Structures are given as C-alpha cells and as structure tokens.
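Okay, structure first, notes after.
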Amino acid sequence: MKKLVSTLLSLVVIAGFGTAAALAAGDNEHHKAPEEQKWSFSGPFGHYDKGQLQRGLKVYVEVCAACHSLDRIAFRNFLDLGYSEDQIKSLAAEYDVLGGPNEEGEMFERPAILADYFPNPFPNVEAAAYANNGAAPPDFSLLAKARGATRGFPQFVFDIFTMYAEGGPDYINALLTGYQDEPPHGVEITEGTYYNPYFLDGLSLAMAPPLSDEIVTYDDGSPETVDQYSKDVSAFMMWAAEPKLESRKSLGFKVIVFLLIFAGLLYLSKKSVWSRVEH
Ligand code: HEC
C-alpha cells in the first residue's frame, strides 16, 4: 500500500513538472510546437542521406554562411559527405583565411586548405551583433543539438520509448518554414524583428526569413522550394552537430544484441550452478 501511494505521488510530481515545463515553453496562445518530420537519421537504424547533406551544405554555404559561423567544422570534415578531395579543395580555395607568420613575422591572407576550419563571416561577436540589429547569429556547429522542440508531459515520456532525438532538426525546420508576414491581430513585436510563432524565446526574432523558392540551384533534380531547402539544411546541421551519429547507432545496436545473449548465458549458468542445491 505504502509503495502504491509513493508511486502515485511521484507520478503526480512528474506530471506537475511536465505541465509546468510545457506551460513555460508555450507561455503564449500564439506559440506553436514544431511538427515532427520524417528524417532518414531517426530511429535505431537511422543513417544520413548523403545527397541530402550535400544539398544542405549548398544551402548553408550559399545562404546561411553569410551570417552564421560553423566554427567546429573543418573543410576536411566535408569529405564525410561523399565529396572527393579535389571538390573540397576547390571549395576551400574560395575562402581566404589568415595564414603565417612569414619569415618577417607578418600574418597574411591565403586561400583555405583542407585542414582549415570553416571561416567565420564576422571577426567577432560584437561585429556580428552590430550587423544584425543587436542579435548575433548563433554558431551552427552544435545548434541542432542545443536548441530543440521542448516537449511537455506526457510526450517526453513516450519520447524515451520511440527514441525521439530529432527535436533540433524538427525545430529548425519549423522555424525556417514558419514565418508569417503579419503578426496576428493584437500582437505587438519589436521593430526590426520578424514574426515567427515557432521561435523558442518569443514570438519574433531578429533573423529575416532567409529562404525563398529557387534561391539555391540543385543539380540532382530535387525541388527548389523553401520546404526542401529547409529540410536539407536542418539535416546538414544535425550532421554538423553529430557527425558520428551513424557509428553511435550501429554500436548501440550491437551492444544491445550482445547484452541479450549475455543475459541468456547468465540465466543458463545460474540454472546449472543452482541445480545441485536441493529445493
Ligand atoms: C542576414 C543574416 C542571417 C542569415 C542569412 C541567416 N540567419 Fe539565422 N539568424 C540570424 C540572426 C541575427 C539570428 C538571431 C535571432 C535572434 O536571436 O533574434 C539567427 C538565428 C538563427 C537560428 C536560431 C534560432 C533560435 O532558436 O535561437 C537558427 C536555427 C537559424 N538562424 C537558422 C538559419 C538558417 C538555416 C539559415 C540559412 C538558410 C540562416 N539562419 C540564415 C541571421 C541570419
């Protein structure tokens, strides 16, 4: 009886926390929760779709890289997306980075090489904020893991069993496709910000809608739409945040299989050891 009461009590506490978290996230009737998308990398056997990652890189390079840095990714990391070394070398050579010092001790600009990290569009955070109405565009390296849909109770309990871990890309995709021209009647937004009911920290953000149809050319025949760009760049950002996702998942599966076999063996040895004891 005591156990039942304490279990019930803890359930009530969990539900309370969950509702509080959900209320805090959706503190406003206009706020919307991101829709769940189908990603090739979700689930226990998920893997990245290299074609999609290549398209995502293209969207990043041609659109987002004007404002957002990708500090933790070096050009050589793009080889994982299925490019040849020459392709990445020529991409790198389009960027200038600070090299040196030369024999006179001076630094100089030189074209980037495979070992260089992706150059930042701004020299420092202050410059980035100054150019963007006071809000510095966040770095993309870990964004897909750091920002994500907050899922209140009871959803977050089910998420454990469905192995939902795509809150980041779902959120980014919802944000990129969720801009509305006009805020709903009676909603005031700060000047210089753009209405977006999916934004986690409010109802408007300092980033203008970055995507529009046909802004990037795809050479694999994929649709050149905001929807497609948004999915591709979200998948690319997930890769940037977790390049080793595939090996983590495949190792995890092997470990579970091993543990199951091991549990069976333990059970059999327990039976054999105790068979000599009279019951
Ligand atoms: C003209 C500059 C600019 C471009 C281009 C741009 N962004 Fe942004 N982005 C910003 C700024 C500024 C912020 C910070 C907004 C804020 O905090 O109000 C931001 C924030 C974000 C955020 C974080 C939202 C959050 O929850 O904090 C994401 C995700 C994002 N941008 C994705 C993208 C993607 C993807 C692209 C390319 C398709 C892109 N951005 C292109 C300026 C830009």
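No lab work stands behind these numbers, since they all come straight from the coordinates. From a predicted model like this one, the values you see are computed outputs, not experimental measurements. Cβ placement follows ideal geometry from the backbone for every residue including glycine, while neighbour counts extend to all protein chains displayed.
Of note:
- Pair list, Cβ under 8 Å, 6 or more apart: segment 207-223 residue surrounded by fewer than 11 Cβ atoms within 10 Å (Cβ to Cβ), other residue among the hydrophobic types (A, V, I, L, M, F, W, C): none
- Screening segment 171-211 for residues that are part of a loop (DSSP other than H, G, I, E, B) and of a type in the set (S, T, N, Q) and picking the one that is farthest from PRO34 (Cα to Cα) gives THR190.
- Residue in segment 145-168 that is nearest to the ligand (Cβ to nearest atom), counting only those that are surrounded by 13 or more Cβ atoms within 10 Å (Cβ to Cβ) and under 22 Å from SER204 (Cβ atoms): ARG147
- Selection of segment 100-125 for residues being within 21 Å of ASP86 (Cα to Cα) and not β-branched (Val, Ile, Thr) yields ARG110, PRO111, ALA112, LEU114, ALA115, ASP116, TYR117, PHE118, PRO119.
- Among the residues making up segment 34-62, those that are among the basic types (Lys, Arg), over 24 Å from GLY152 (Cβ atoms) and either within 15 Å of the chain's Cα centre (by Cα) or surrounded by 15 or more Cβ atoms within 10 Å (Cβ to Cβ) (or both) are ARG55, LYS58.
- Scanning segment 83-112 for residues that are of a type in the set (A, V, I, L, M, F, W, C) and either under 19 Å from LYS58 (Cα atoms) or in contact with a helix residue (DSSP H, G or I) (Cβ under 6 Å, 6 or more places away or on another chain) (or both) yields ILE88, LEU91, ALA92, ALA93, ALA112.
- Scanning segment 60-93 for residues that are touching a residue at least 12 places away in the same chain (Cβ under 8 Å), not in a helix (DSSP H, G or I) and not β-branched (Val, Ile, Thr) yields CYS67, HIS68, SER69, LEU70, ASP71, ARG72, ALA74, GLY82, TYR83, ALA93.
- Single condition ALA127 does not satisfy, out of (1) free of Cβ contacts under 8 Å to residues at least 24 places away in the same chain; (2) away from the ligand (no atom under 13 Å from the Cβ): (2)
- Among the candidates GLU246, GLU214, GLU224, residue that is acidic (Asp, Glu) and assigned to a helix (DSSP H, G or I): GLU246
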